[in-house]
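Data first, discussion second: the structure below is written as structure tokens.
Computed from the coordinates by the stated procedures, all read-outs in this text should not be read as laboratory data. Because the structure is a prediction, the values reported are computed rather than measured. Glycine also receives a Cβ, built like all others from the backbone with ideal geometry; neighbour counts cover every protein chain displayed.
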Amino acid sequence: MTGKVALVTGSTRGIGKAIGDAFEEYGAKVIRHNTKVCDLADPAAIDAWFDQLEAEGMMPDIL
């Protein structure tokens, strides 16, 4: 997983947090999503967020 970027939704608590933590333990960079980061029900917000991730060099390899 080293060098990979993982996007984990709901990763601030519970199972999502455990999944994000596990990816980090195996060397992945983790983008932790919650509803404050981006409203996944809003296509325009998703596009804007992914444009931002791309500009930061953080496009996810793992969803």
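A few comments on the model shown:
- Filtered GluC sites (Glu not before Pro), the chain: DSSP coil and at most 12 other beta carbons within 10 Å: Glu56
- Relative contact order for the chain, counting Cα pairs under 8 Å that sit 6 or more residues apart, in percent: 41
- Farthest toward positive dipole pole in the chain [+1 Lys/Arg, -1 Asp/Glu at C-beta], among Met1, Ala41, Ile19: Ile19
- Among Leu7, Leu40, Leu53, Leu63, sorting on how many other beta-carbon atoms sit within 10 Å of each Cβ, with the fewest leading, yields Leu63, Leu40, Leu53, Leu7.
- Answer label, with Rg/Rh (Cα atoms, Kirkwood Rh) calculated from the coordinates and candidates (1) 0.97; (2) 1.22; (3) 1.08: (1)
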